[in-house]
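The values are calculated or read from the model by the stated rules, or taken from the named source; none is laboratory data. All values derive from a computational prediction rather than experimental measurement. Counting neighbours? That spans all protein chains shown, and the Cβs are built from the backbone with ideal geometry, glycine included.
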Amino acid sequence: MNAIIECHDLHKAYGTTPALAGVSLSIDTGEVLAIMGPSGSGKSTLLHCLAGIITPDSGQVIYDGQRIDCLGDDKRSVLRRTAFGFVFQFGQLVPELTALDNVALPLLLGGVKRREGYDRATQWLMRVGLDNDHHHQLPGHLSGGQAQRVTIARAMAVEPAVLFADEPTGALDSLASQQIMELLVGVAQQAQTSIVMVTHEPSIAAYADREVVVRDGRLAGQEVRA
Amino acid sequence: MSATYAMLGLLEGQPSYGYELKKAYDHLLAMGKPLAFGQVYATLARLRRDGLVSEVPDTDSSGGPERTKYAITAAGTATLHEWLAQAEPSAPHLQATMYLKVVLALHGQGEPNRYLDAQRRAHLARMRELTHQRIGASIDQVLILDHAIFHLEADLRWIELTSSRLTQLKGELHR
């Protein structure tokens, strides 16, 4: 297996508070990785550094063999739109747009022609189990599970190499969580998309091929022992 | 088995008499099931025979009857640490053993996080197997697998919470 994304000795602090204190990690193509750890351990900061949402203070983030931590905002923004997908807990869907528009939006922003973009968006909504009745509904009219299906369709429609998920089932009940995780991992595996997922839920981490635990800004097992 | 490691763990803190070990066991580890004196001394005799503990000179000059004091040996420490670092096979109702390992590691020189990390890995590996089995299983199998997964999840929540509380627990145990 080849590493699709990796980081070396990442450090990041917010003011004087360290969030990452030397994290090194590698994720293979098609691998599903769970990042676990208590609140405030640095797990979301790690995900945001890997995804190019924030830049580390030091260390390297390498995507597909190229460093991305030293790219400018514009280039990282393009990378996030074209190579990465995102499934977060809340607030990613544009509330004024229908489910179909939400899924088509990143495709159109990425230069896909309108007709093709809407065709692909429709196919993805069907693939995540939402029939035509739901395509023209606003996110506020969908259940939590249905809205998260739209989010998965939107993330996968751009055919990302890596999908980043932060507490992807945080707002859902147990049954909806199982359904969403089976869907998320299933579609990602078919597309050979890697998943990097932050979760504090063991039952969600169990869908991953491997888990790492962040504790005080380091990976458990990579701590400097006193 | 638990009494064996409990004696080693308690002795790692400091050399002790049999009655002190019983008192510490009943206070820290018994969970409503005190250890009989006979079991304490039988365990110590077996540990001594196996070279895991040794008798040390009694420096207590209170004038009472002669008593035997025990200390953990280097072999005993190695045996204890090997056991503390080892994850238990994932099975329901592991609470007693998980609790025992954490308290003994805190009491002596062991590293509770090393054990908790190993146990988390073992539990998650089992949970991963069950989760894979659940995908596409029949509904009766799904219900059984859900039940097993939720039990493992309860253990894992305890592991996370305990890991977060280690500093506080260590402070209280050594007070």
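Would you confirm, using the coordinates I've provided, whether A:Leu47 is touching a Phe, Trp or Tyr at 6+ places or on another chain (Cβ under 7 Å) and under 22 Å from A:Pro168 (Cα atoms)?
On the way: touching a Phe, Trp or Tyr at 6+ places or on another chain (Cβ under 7 Å): yes; under 22 Å from A:Pro168 (Cα atoms): yes.
When the stated conditions are applied, A:Leu47 passes them.
Might you let me know whether the range A:110-129 holds any residue that is of a type in the set (Val, Ile, Thr) and under 24 Å from A:Asp173 (Cα atoms)? Quick ask: steps written out before the conclusion?
From the range A:110-129, those of a type in the set (Val, Ile, Thr) are A:112, A:122, A:128; that's our starting set.
Now restrict to residues that are under 24 Å from A:Asp173 (Cα atoms): A:128.
Scanning the range A:110-129 turns up at least one residue that is of a type in the set (Val, Ile, Thr) and under 24 Å from A:Asp173 (Cα atoms).
For the range A:181-201, give me each residue that is within 13 Å of another protein chain (Cβ to nearest Cβ), assigned to a helix (DSSP H, G or I) and either free of Cβ contacts under 8 Å to residues at least 60 places away in the same chain or buried (at least 24 other Cβ atoms within 10 Å of the Cβ) (or both).
Step one: of the range A:181-201, the residues within 13 Å of another protein chain (Cβ to nearest Cβ) are A:181-186, A:189, A:199-201.
Filter once more, keeping what is assigned to a helix (DSSP H, G or I): A:181-186, A:189.
Passing the criteria: A:Met181, A:Glu182, A:Leu183, A:Leu184, A:Gly186.
A:Gly91: more than 14 Å from every other protein chain (Cβ to nearest Cβ), modelled with pLDDT under 95 and surrounded by fewer than 15 Cβ atoms within 10 Å (Cβ to Cβ), yes or no? Give the steps one after another, and end with the answer.
Working: more than 14 Å from every other protein chain (Cβ to nearest Cβ): yes; modelled with pLDDT under 95: yes; surrounded by fewer than 15 Cβ atoms within 10 Å (Cβ to Cβ): yes.
Criteria met by A:Gly91.
When the residues of the range A:9-31 are narrowed to those that are farther than 20 Å from B:Leu124 by Cβ and buried (at least 17 other Cβ atoms within 10 Å of the Cβ), which ends up modelled with the lowest pLDDT? Give the derivation first.
Of the range A:9-31, the ones farther than 20 Å from B:Leu124 by Cβ are A:9-22, A:24, A:29.
So of that shortlist, the ones also buried (at least 17 other Cβ atoms within 10 Å of the Cβ) come out as A:10, A:12, A:18-22.
Details: A:Leu10: 96, A:Lys12: 96, A:Pro18: 91, A:Ala19: 94, A:Leu20: 95, A:Ala21: 94, A:Gly22: 94.
My answer is A:Pro18.
Of the residues that sit in the range B:33-58 and are in contact with a strand residue (DSSP E or B) (Cβ under 8 Å, 6 or more places away or on another chain) and at pLDDT below 85, which one is nearest to B:Gly18 (Cα to Cα)?
So in the range B:33-58, the residues in contact with a strand residue (DSSP E or B) (Cβ under 8 Å, 6 or more places away or on another chain) come out as B:44, B:47-48, B:52-58.
Applying the additional criterion that residues be at pLDDT below 85 yields B:57-58.
On the way: B:Pro57: 14, B:Asp58: 12 Å.
So, considering only residues that are in contact with a strand residue (DSSP E or B) (Cβ under 8 Å, 6 or more places away or on another chain) and at pLDDT below 85, the one nearest to B:Gly18 (Cα to Cα) is B:Asp58.
Inspect all residues belonging to the range A:110-133 and state whether any of them is assigned to a helix (DSSP H, G or I), touching a Lys or Arg at 6+ places or on another chain (Cβ under 9 Å) and surrounded by fewer than 24 Cβ atoms within 10 Å (Cβ to Cβ).
Going residue by residue through the range A:110-133, those that are assigned to a helix (DSSP H, G or I) are A:114-127, A:132-133.
Of the ones still in play, those that are also touching a Lys or Arg at 6+ places or on another chain (Cβ under 9 Å) are A:121, A:124-125.
Keeping just the survivors that are surrounded by fewer than 24 Cβ atoms within 10 Å (Cβ to Cβ) gives none.
Looking through the range A:110-133, none of the residues is assigned to a helix (DSSP H, G or I), touching a Lys or Arg at 6+ places or on another chain (Cβ under 9 Å) and surrounded by fewer than 24 Cβ atoms within 10 Å (Cβ to Cβ).
I'd like the residue in the range A:47-69 that is in contact with a strand residue (DSSP E or B) (Cβ under 8 Å, 6 or more places away or on another chain) and assigned to a strand (DSSP E or B) and, out of all such residues, is nearest to A:Val162 (Cα to Cα). Reasoning before the result, please.
So in the range A:47-69, the residues in contact with a strand residue (DSSP E or B) (Cβ under 8 Å, 6 or more places away or on another chain) come out as A:47, A:49-52, A:54, A:56-64, A:67-69.
Right, trim to assigned to a strand (DSSP E or B) and you get A:58-63, A:67.
Numbers: A:Ser58: 22, A:Gly59: 20, A:Gln60: 17, A:Val61: 14, A:Ile62: 13, A:Tyr63: 9, A:Arg67: 15 Å.
Among residues in the range A:47-69 that are in contact with a strand residue (DSSP E or B) (Cβ under 8 Å, 6 or more places away or on another chain) and assigned to a strand (DSSP E or B), the one nearest to A:Val162 (Cα to Cα) is A:Tyr63.
Please find, among A:Ala34, A:Ala99, the residue that is within 14 Å of chain B (Cβ to nearest Cβ) and at pLDDT 95 or above. If you could, list the steps in order and put the result at the bottom.
Values: A:Ala99 fails: within 14 Å of chain B (Cβ to nearest Cβ).
Answer to the check: A:Ala34.
Being within 11 Å of chain A (Cβ to nearest Cβ) and among the aliphatic types (A, V, I, L, M) is the filter; apply it to the range B:95-139 and report the residue that is nearest to B:Thr167 (Cα to Cα).
Only one residue tops the list, namely B:Leu116.
Taking the criterion of being within 10 Å of another protein chain (Cβ to nearest Cβ) and outside any loop (DSSP other than H, G, I, E, B), would at least one residue in the range A:154-167 satisfy it? Walk me through how you get there before you give the answer.
Keep residues of the range A:154-167 that are within 10 Å of another protein chain (Cβ to nearest Cβ), which gives none.
Taking every residue of the range A:154-167 in turn, none turns out to be within 10 Å of another protein chain (Cβ to nearest Cβ) and outside any loop (DSSP other than H, G, I, E, B).
Criterion first (modelled with pLDDT under 90, surrounded by 15 or more Cβ atoms within 10 Å (Cβ to Cβ) and among the aromatic types (Phe, Trp, Tyr)) does B:Tyr70 satisfy it? Walk me through it before giving the result.
Numbers: modelled with pLDDT under 90: no; surrounded by 15 or more Cβ atoms within 10 Å (Cβ to Cβ): yes; among the aromatic types (Phe, Trp, Tyr): yes.
So B:Tyr70 fails the test.
Cβ-Cβ below 7 Å, separation at least six or inter-chain, first residue in the range B:33-56 and at positive phi, second surrounded by 12 or more Cβ atoms within 10 Å (Cβ to Cβ): which pairs?
B:Gly51/B:Thr73; B:Gly51/B:Ala75
Select, from A:Asp131, A:Asp101, A:Asp119, the only residue that is within 21 Å of A:Gln179 (Cβ to Cβ) and of a type in the set (D, E, K, R).
Details: A:Asp101 fails: within 21 Å of A:Gln179 (Cβ to Cβ); A:Asp119 fails: within 21 Å of A:Gln179 (Cβ to Cβ).
A:Asp131 is the lone residue from the list that is within 21 Å of A:Gln179 (Cβ to Cβ) and of a type in the set (D, E, K, R).
Can B:Ala71 be described as away from chain A (no Cβ under 13 Å), of a type outside the set (S, T, N, Q), outside any helix (DSSP H, G or I) and touching a strand residue (DSSP E or B) at 6+ places or on another chain (Cβ under 8 Å)? Reasoning before the result, please.
Numbers: away from chain A (no Cβ under 13 Å): yes; of a type outside the set (S, T, N, Q): yes; outside any helix (DSSP H, G or I): yes; touching a strand residue (DSSP E or B) at 6+ places or on another chain (Cβ under 8 Å): yes.
Spelling it out, B:Ala71 is indeed away from chain A (no Cβ under 13 Å), of a type outside the set (S, T, N, Q), outside any helix (DSSP H, G or I) and touching a strand residue (DSSP E or B) at 6+ places or on another chain (Cβ under 8 Å).
Tally up the residues in the range B:127-145 that are outside any loop (DSSP other than H, G, I, E, B) and either buried (at least 17 other Cβ atoms within 10 Å of the Cβ) or among the hydrophobic types (A, V, I, L, M, F, W, C) (or both), please.
In the first step, residues of the range B:127-145 are kept if they are outside any loop (DSSP other than H, G, I, E, B); the result is B:127-134, B:139-145.
When the remaining residues are screened for being either buried (at least 17 other Cβ atoms within 10 Å of the Cβ) or among the hydrophobic types (A, V, I, L, M, F, W, C) (or both), the result is B:127-128, B:130-131, B:134, B:139, B:142-145.
Of the residues in that region, 10 qualify.
Consider A:Ile204 carefully, then state whether it is of a type in the set (Val, Ile, Thr), within 11 Å of chain B (Cβ to nearest Cβ) and part of a helix (DSSP H, G or I). Steps first, please.
Details: of a type in the set (Val, Ile, Thr): yes; within 11 Å of chain B (Cβ to nearest Cβ): yes; part of a helix (DSSP H, G or I): yes.
Yes: the conditions hold for A:Ile204.
Tell me which residues, restricted to the range A:190-226, are among the polar types (S, T, N, Q) and under 14 Å from the mean Cα position of the chain (by Cα).
Correct list: A:Thr193, A:Ser194, A:Thr199.
Give the range B:86-101 a look and list any residue that's over 22 Å from B:Ala24 (Cβ atoms) and at pLDDT 70 or above, or say none.
Kept after step one, since they are over 22 Å from B:Ala24 (Cβ atoms), are these residues of the range B:86-101: B:86-94.
The answer is B:Gln86, B:Ala87, B:Glu88, B:Pro89, B:Ser90.
Of these, B:Glu160, B:Glu172, B:Glu153, which one is part of a helix (DSSP H, G or I), more than 9 Å from chain A (Cβ to nearest Cβ) and of a type outside the set (Ser, Thr, Tyr)?
When all the criteria are applied, what remains is B:Glu172.
Considering the range A:108-167 alone, what residues qualify as being small (Gly, Ala, Ser), farther than 26 Å from A:His200 by Cα and touching a residue at least 12 places away in the same chain (Cβ under 8 Å)?
Here is the first cut: in the range A:108-167, the ones small (Gly, Ala, Ser) are A:110-111, A:117, A:121, A:129, A:140, A:143-145, A:147, A:153, A:155, A:157, A:161, A:165.
Going one step further and asking which of them are farther than 26 Å from A:His200 by Cα, we end up with A:110-111, A:117, A:121, A:129, A:140, A:157.
Those that are small (Gly, Ala, Ser), farther than 26 Å from A:His200 by Cα and touching a residue at least 12 places away in the same chain (Cβ under 8 Å): A:Gly110, A:Gly117, A:Ala121, A:Gly129, A:Gly140, A:Ala157.
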